Amino acid sequence: MASRPDLRARRRRWWIRLGGVVGILVALALWAFWLEPASFRVRETTLRLGAWPSEMDSLRVAVVADLHTGSPWNGLSQLERIVRETNAAQPDLILIRGDLVIGGIPGGQAVSPEAIADELAALEAPLGVYGVLGNHDWWLDGPRVARAMESAGIVVLKDTSTAVPVRGDTLWLAGVSDAWEAPHDIDRALAEVPEDATVLAFTHNPDLFPDIPPRVALTVAGHTHGGQVHLPLLGPPRVPSRYGDRYAAGHVREGGRDLFVSTGVGTSILPIRFRVPPEVSLLTLRATPD
């Protein structure tokens, strides 16, 4: 039979272990529900693209995805910081990937698209600021969100394209509407683009990527948030895509075509991010040497 000192020592070790487990759980909860969602970074990524012309080598494109302004720790003051740090990175071009607003999310507080647009009006890039709408924008009021963006000087492309002069050459931007809530007509978006042109397509939801034709040099999307949670060894438990985690985040190359999916800024459904920090993706587009 164990002596009283032995029993006390065992109990003490048990409480120490329990305290350690509770401490780890509390630390993980603070990380996932506060520290990481409240953080922000501009993350630079270099993409080498086989179809990218040398005349546009090192073009810098800021991808602002899934702002969800009003989600926890992500109000207008955070948006002002996002705009300031995006401008400080000195991109040549800024693409806004939709989902400016939030739906119902625990701890969130709705912010009007007009107030969001007032902050976005300060974005600066020599080649302009362009945007598309996301599913949350449509769920609120797509035309209203589009008007707010346009009032801020953002060119909203809805299944259409525009030519942008770049260093004596021409880059065509093709904006494709949201896969869930809008017509998303890829053929219409590319209808005016010359067959031999350099094309950068952008849309909210990457599920459209399998239908993007090879003549598009790069497709840029958002929507997935990288799953918001990325478990060690297991990856994201859930990604809002019919393709699972195939297009969850980052650079994807399939059949000679290139896609980049930004993990975005805000949160949706649950106010949590774990190992998927909020970010604006700053892409440096490089031509692949012959």
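The values are calculated or read from the model by the stated rules, or taken from the named source; none is laboratory data. From a predicted model like this one, the values you see are computed outputs, not experimental measurements. Ideal geometry is used to build each Cβ from the backbone, glycine not excepted, and the neighbour counts take in all protein chains shown. With ligands, DNA and RNA removed, areas are computed over all heavy atoms of the protein, side chains included. Shrake-Rupley method; radii C 1.70, N 1.55, O 1.52, S 1.80 Å.
Viscosity 0.692 mPa s, temperature 37 °C: give me the Stokes-Einstein translational D for the chain in µm²/s, with Rh taken as the Kirkwood radius over C-alpha pairs.
164 µm²/s
Using C-alpha pairs under 8 Å with a sequence gap of at least 6, the mean separation divided by the residue count of the chain gives a relative contact order of 26 percent. Restricting the range 106-140 to GluC sites (Glu not before Pro) that sit in a DSSP loop and have at most 12 other Cβ atoms within 10 Å of their own Cβ leaves nothing. Using R0 = 22 Å, the C-beta based FRET efficiency linking W15 and L231 works out to 0.15. Computing the accessible area with a 1.4 Å probe over protein heavy atoms, can you report the carbon and sulfur percentage for the chain? Summing carbon and sulfur atoms, their accessible area is 55 percent of the total for the chain. Potential lengthening of the chain between A191 and V42 amounts to 50.3 nm, from the contour at 0.36 nm per residue minus the alpha-carbon distance. Based on protein heavy atoms only, the range 105-210 ends up with 43 Å² per residue of surface accessible to a 1.4 Å probe.
Of E85, E36, the order by accessible heavy-atom surface (1.4 Å probe, DNA, RNA and ligands excluded), from most exposed downward, is E85, E36.
Using a probe of 1.4 Å, the accessible surface attributed to D57 totals some 40 Å² when neighbouring protein chains are kept in position. Using R0 = 22 Å, the C-beta based FRET efficiency linking Q90 and A121 works out to 0.75.
Full extension of the segment from T170 to R242, taken as 0.36 nm per residue of separation minus the current Cα-Cα distance, would add 22.5 nm.
Based on every Cα atom in the range 96-248, Rg and the maximum pairwise Cα distance Dmax equal 16.2, 49 Å.
Computed on protein heavy atoms with a 1.4 Å probe, the accessible areas place I272, I96 in the order I272, I96, largest first.
Would you mind counting up the charge near P277? Only other residues with Cβ under 9 Å from its Cβ, with Lys and Arg at +1 and Asp and Glu at -1.
Details: positive: R41, R43, R273, R275; negative: E36, E279.
That works out to +2.
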